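Remarks on the structure that follows.
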Number of protein chains: 2
Amino acid sequence: MFPEYDVIVVGGGHAGCEAAHAAAKMGCSVLLCTMNMNTIAQMSCNPAIGGVAKGQIVREIDALGGMTGIISDKSMIQFRMLNKSKGPAMWSPRSQNDRMRFAEEWRLALEHTPGVDFWQEMVSGLVVEDKRVVGVKTGIGLEIKGKSVVLTNGTFLNGLIHIGEKQFGGGRTGEAAAKGITEQLVDLGFEAGRMKTGTPPRVDGRSLDYSKMEVQHGDENPEKFSFSSETSPLKEQRTCWITYTNKEVHETLETGFDRSPMFNGRIQGLGPRYCPSIEDKINRFAERDRHQIFVEPEGWDTVEIYVNGFSTSLPEDVQYKAIRKIAGFENCKMFRPGYAIEYDFFPPTQLKLTLETQLVENLFFAGQINGTTGYEEAGCQGLIAGINAARKVKEESPFLLKRSDAYIGVLIDDLINKGTEEPYRMFTSRAEFRLLLRQDNADLRLTELGHAIGLASDKRLEKMLDKKNDTAKLINDLKQKKLSPESINEGLEEIDTATIKEKITVEKLLKRPQLGLSAIKELDPDIHHYLSKYPQEVLDQAEIQVKYNSYIEKEQQMVEKLNSMENFRIPSHFDYLTIPALSAEGKQKLHKIKPETLGQASRISGVSPADLSILTVYLGR
Amino acid sequence: MFPEYDVIVVGGGHAGCEAAHAAAKMGCSVLLCTMNMNTIAQMSCNPAIGGVAKGQIVREIDALGGMTGIISDKSMIQFRMLNKSKGPAMWSPRSQNDRMRFAEEWRLALEHTPGVDFWQEMVSGLVVEDKRVVGVKTGIGLEIKGKSVVLTNGTFLNGLIHIGEKQFGGGRTGEAAAKGITEQLVDLGFEAGRMKTGTPPRVDGRSLDYSKMEVQHGDENPEKFSFSSETSPLKEQRTCWITYTNKEVHETLETGFDRSPMFNGRIQGLGPRYCPSIEDKINRFAERDRHQIFVEPEGWDTVEIYVNGFSTSLPEDVQYKAIRKIAGFENCKMFRPGYAIEYDFFPPTQLKLTLETQLVENLFFAGQINGTTGYEEAGCQGLIAGINAARKVKEESPFLLKRSDAYIGVLIDDLINKGTEEPYRMFTSRAEFRLLLRQDNADLRLTELGHAIGLASDKRLEKMLDKKNDTAKLINDLKQKKLSPESINEGLEEIDTATIKEKITVEKLLKRPQLGLSAIKELDPDIHHYLSKYPQEVLDQAEIQVKYNSYIEKEQQMVEKLNSMENFRIPSHFDYLTIPALSAEGKQKLHKIKPETLGQASRISGVSPADLSILTVYLGR
Ligand SMILES: Cc1cc2nc3c(=O)[nH]c(=O)nc-3n(C[C@H](O)[C@H](O)[C@H](O)COP(=O)(O)OP(=O)(O)OC[C@H]3O[C@@H](n4cnc5c(N)ncnc54)[C@H](O)[C@@H]3O)c2cc1C
Ligand SMILES: Cc1cc2nc3c(=O)[nH]c(=O)nc-3n(C[C@H](O)[C@H](O)[C@H](O)COP(=O)(O)OP(=O)(O)OC[C@H]3O[C@@H](n4cnc5c(N)ncnc54)[C@H](O)[C@@H]3O)c2cc1C
């Protein structure tokens, strides 16, 4: 019934969609096999994309030629650039999205990607021959052949939902769990673990009193995720609201603690520390007498509301009583209770940097199955797994991103080398070169790479090169163009900044913390005229590069120094066990993880600097 | 957690949505409790509404103030008035719909209906006290109180899906079956039965060769379902296609007959005779060497295609091999196989005409649970059950439609009095007064009734009265206005119809079979000017009433004669068992069904004309 596919993607979540799209764009025949074609790219939890560090990932996915940015743009109902008051390394785009539109846009995008076939069914196992995957088995007993397989099962593997003392199987509320795959992988020698995550109750927006909440508008001049011209910023936006829990809410929640699956040990899996449930927050931060709650609409027209910050698996009656004590929620009606879900994951130290498994060739894992949490984290892994699955089939070299290239590089390097005990999410603090890994320059960093592998289009590349060249030209001009005291001192005084004594280059003026190009533009008609020729993104780019030049250069030098070690490759069959001088832990970890380079070895937790120099000696470097 | 609701509707399918909407519009507090809020108003099978007799039902639902017409209008991608070449009793509106839009429009419509609350969960049982329902129990163990409950579980009760020799539980593919309710109802004394239905494989439109098929366009001047001004006809439409099976297809299908769950006895439930599977058609009509296949898009943008006419539960490999032998399907890719589903239903003879159960007070059944098939059949039952649940709670009299009022009246009367052995669908032949029950006059027949119970809006009533008055005025004028030979004979000759000798009224001219108002309009400038003042629907209405006047009047008289008997009420505790003269079967059926009127008694299969006259005597009539 089926041809042999180049790539079979199991699961149509955020990871699976990016994987299928990327592999097909790169010329592979792809089968996306997912349990229900109506739930492709469902947002399991909050209808929002991006945010701190995650927004950067979306921009990176987009720059490489992935789709999450475009889909987010097409379905967004509000946009905000977070941290605009901080340095540009912290600026993070975030959108509120229409849940139904998001899913529909992804499905249509995949349908219109030549090379992607669909099959709606549960995959119940893999076909593995000689430690190499050659296909999948489905629930009704079909065998479908594939040269490579990408598993992106999300929270579905032996998913178990908890609400108070009740528990029932499921991959998400109302959807069945997936059985069989974990068991088979364990038989094949994989180590599996258990994690948990949770989601808040959904409520009826008609039952809330917004006058008791703070309004949160979108940005006045909203931007967007995609660097491409396929999308445009929102003209109209929906509002969100902010409210707070209070002591009464906390006390009410506490009445359910003895029935909480989190506190009475019924849930074994570790949850995301940085995305805690409300009962967790109350428990861990007993001193705080309120927590912020974001009240977010689920779409343009629906009355369904997402209660961000109120994730909980307490008994539903406790959820209900407590939520009604939040300001504005006095008459709240619930659509469904919050819940926690436990699911199987596979410690990602069992993977290569390509996201191929070490144990079974041509088998790739991406998304929540690797112990991460979040759509963006899932999406970018899907992209990398899809790319590498395609390249493996085409017998091309692995596609890897370094920690200094992208947050995506940081994420994968962290996962493979450090593993993760709790659901892994991205933070800016995980990146040592975060001034380089900004959201504004993701295209400059990555579009060429995406284009070289046949993913980012020619148009994207041209657009990026135009931006790059224009920026360089602009910066160069800013270094030449001088402004005189006569022409600008009046203006400088008006905006309360020091006047100048003699002519000064625009570049120098721009380095003043208080001054941006938009302010400088107003100081002098000539410079106004000159700057008006440039699109905003070029102006922004130039401004950032000029202002932060010295810091950026310093990071760049560090990167280069590290790269020389980073890139030194370790033979894949290098036998660590025979090197007596290595520490016991270092030896064991190196043996298990089999780092591909000295750089990778250096970041394995448990590998000491001493181990590293011993290694360097043995490798004859 | 929950207030006591006036009406709890279990299930958000086509019946449940109409029930919830109607009860809320009539002022009740309503809870719609459904397994998954993302699947509200899912079309389980073909993405189309209306068709012969079904289209009339949609018009009737609309005239009463229900929503199926409006939702269909908003989501349609093609419209056709079927049987336009036959008499107006046969004209039947049919739309092809965007599956996702249809579901989304229904969900949004319900969200924006004040009084409808939502709860997403599976209902696992009823709370019954003293033979009266007082609420429902949910999967996680909640009890929700309701003064009345409408069950609309569709194909979900102990649903069992079959594909070839494989079977698995489910209410639809990818969705869980509902357990518990049947068992409880049987304990309460209900009789349950088993039925089956089926659906074709879904395929990838990109893999079809449309050049080998016939194109089927929508109507040139498409109409719509709703009488209201809330919707407007399509400006653009999508095309469908027609192709045919052939001998090779049939032979291929036959290779799977030994593994067919239909033929080897594994499926016990009876399927819809008039909506047979392709294997059924081949088997029953062995002499036919081809069957028609309608190739229908599932929406505006999706590539998914519905293969209407190819419903099957043969093994998937047989489905695949056979479908590829259909012209245009040579390279067909499937998204998922067709399947059959068996489910529990409750023989509808256990209901009253209000759709309340005889055994448990305030409990109503509507939709496929009553042994019907089809969205329209489900929707209209939901409407009637919702209305009557609301009226019961408000202690108002039952709302009943007679067989001469509406197809809806025919449907419910058939179900309650005759029951059904196989899935019941509507046909024009089921209606004895089908010249009265036309799609064009559903508003004239029903809007006043809908308005009187607080369902149809004032605006609808006004619009209907305008149409009625305008039509009456127009018909009156047509009887007065005369045309002379000089003015029209030339025109008559041009269109090849007999000329006139002396002046003739427009009415008389209109009675000629070949002539419609649109043709008459062109014969004479005065009449052209006069007719141009009227909207099309008034012109159509007047034309039909003039042309078919004598037939319509004859049916009207029959209705009146029957009504005098029809309306004669039988006391609800009338004891048939003590009347020795009744036939054994008649006695038993009357005792079981407890007809409310002599008319109802007359239509019970097994009640003979002799039984009826005996009854008439006993009732002192
Ligand atoms: C209850 C809940 C709460 C969450 N809360 C948060 C949060 O607060 N913050 C946050 O950042 N993230 C949260 N997440 C996580 C976020 O939803 C995931 O990180 C993200 O969706 C993972 O994407 P994925 O592609 O890996 O998997 P998913 O989005 O889970 O998609 C998996 C897909 O695979 C399909 N599938 C699974 N198994 C099979 C099989 N055997 N055969 C065929 N198809 C299969 C499924 O149908 C589904 O389409 C939450 C998730 C859940 C369920
Ligand atoms: C495979 C298949 C093929 C079909 N083929 C045809 C055809 O060829 N022609 C035709 O005319 N009709 C066909 N139908 C029938 C058509 O889909 C139904 O007649 C129509 O959908 C019935 O509407 P309903 O409202 O009664 O139930 P459904 O549309 O089935 O809706 C039932 C709803 O109730 C919910 N539900 C069920 N149990 C519970 C519970 N315990 N708690 C909470 N929620 C619950 C479900 O989630 C669902 O939303 C087919 C149906 C199926 C499944």
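Using only alpha carbons, chain B has a radius of gyration to Kirkwood radius ratio (Rg to Rh) of 0.99.
Checking the cross-link pairs B:Lys352/B:Lys547; A:Lys459/B:Lys74; B:Lys224/B:Lys418; A:Lys145/A:Lys587; A:Lys333/B:Lys352; A:Lys86/A:Lys463 against a 31 Å limit on the alpha carbon distance flags B:Lys352/B:Lys547; A:Lys459/B:Lys74; B:Lys224/B:Lys418; A:Lys145/A:Lys587; A:Lys333/B:Lys352 as lying beyond it. Counting only DSSP beta bridges whose two residues both lie in chain A, roughly 70 percent are antiparallel. From most to least packed by mean Cβ count within 10 Å, the peptides A:32-43, B:20-31 give B:20-31, A:32-43. At what distance in angstrom do the alpha carbon centres of the range B:244-270 and the range B:442-483 lie from each other? After rounding, the separation between the Cα centres reads 51 Å. Over every Cα atom in the range A:314-461, the radius of gyration and the widest Cα-Cα span, Dmax, amount to 19.8, 61 Å.
Taking every alpha-carbon pair in the range A:202-340 and binning the separations at 5 Å intervals from zero gives 2, 9, 18, 20, 17, 12, 9, 7, 4, 2, 0 percent. The relative contact order of the range A:92-202, computed from alpha carbon pairs under 8 Å that lie at least 6 residues apart in sequence, is 15 percent. Local charge for A:Leu449 was computed over the other residues whose Cβ lies under 12 Å away, with Lys and Arg +1 and Asp and Glu -1, and equals -1. Note on B:Glu490 and B:Thr616: the extension gain reaches 39.2 nm, defined as 0.36 nm multiplied by sequence separation minus the Cα-Cα distance.
Extension gain for A:Met565-A:Gln184 works out to 133.3 nm (0.36 nm per residue, less the C-alpha to C-alpha distance). Take the convex hull of the alpha carbons in the range A:329-403; its mean projected area over all directions comes to 7.6 nm². Relative protection proxy for B:563-575, B:441-453, from highest mean packing down: B:441-453, B:563-575 (other beta-carbon atoms within 10 angstrom).
Taking the range A:56-71 and a reference point 7 angstrom along Cα→Cβ of A:Phe427, the backbone N atoms nearer than 17 Å belong to A:56-57. Residue by residue along B:301-313, Cβ atoms of other protein chains within 10 Å of the local Cβ number 2 on average.
Mean sequence separation of contacting Cα pairs (under 8 Å, at least six apart), scaled by the length of chain B, corresponds to a relative contact order of 17 percent. Taking other residues whose beta carbon is less than 12 angstrom from the beta carbon of A:Gln216, and scoring Lys, Arg as +1 and Asp, Glu as -1, yields 0. Annotation for A:Met558 and A:Arg284: the two label points, set 7 Å from Cα along the Cα-Cβ direction, are 2.7 nm apart. Calculated on the Cα set of the protein assembly as shown, radius of gyration then Dmax: 35.0, 123 Å.
Placing a pseudo-label 7 Å from each Cα along the Cα-to-Cβ vector at A:Ala498 and B:His528 gives an inter-label distance of 8.8 nm. Under a 5 Å amide H cut-off, with hydrogens placed 1.01 Å from N, A:Ala178 pairs with A:Leu157, A:Asn158, A:Gly159 among residues at least 5 apart or on other chains. Electrostatic bookkeeping for A:Gln381 treats Lys and Arg as +1 and Asp and Glu as -1; over the other residues with beta carbon under 14 Å from its beta carbon, the sum is -4. Between A:Gln216 and A:Cys240, A:Trp241, A:Ile242, the built amide H atoms are under 5 Å apart, and every one of these is 5 or more places off in sequence or on another chain. Each residue in A:Glu376, B:Glu522, B:Glu105 was given a count of other beta-carbon atoms within 10 angstrom of its own, and listing them fewest first yields B:Glu522, B:Glu105, A:Glu376.
For the peptides A:429-440, B:475-486, A:130-141, the ranking by packing is A:429-440, A:130-141, B:475-486, with the highest mean count of neighbouring Cβ atoms within 10 Å listed first. Shown is the FRET efficiency for B:Arg132 and B:Gln292, computed with R0 = 45 Å from the Cβ-Cβ distance and rounded to the nearest 0.05: 0.35.
Read the figures in this text as sums done on the coordinates, not as results from a lab. From a predicted model like this one, the values you see are computed outputs, not experimental measurements. Using ideal geometry, Cβ is built from the backbone for each residue, glycine included, and neighbour counts are taken over all protein chains shown.
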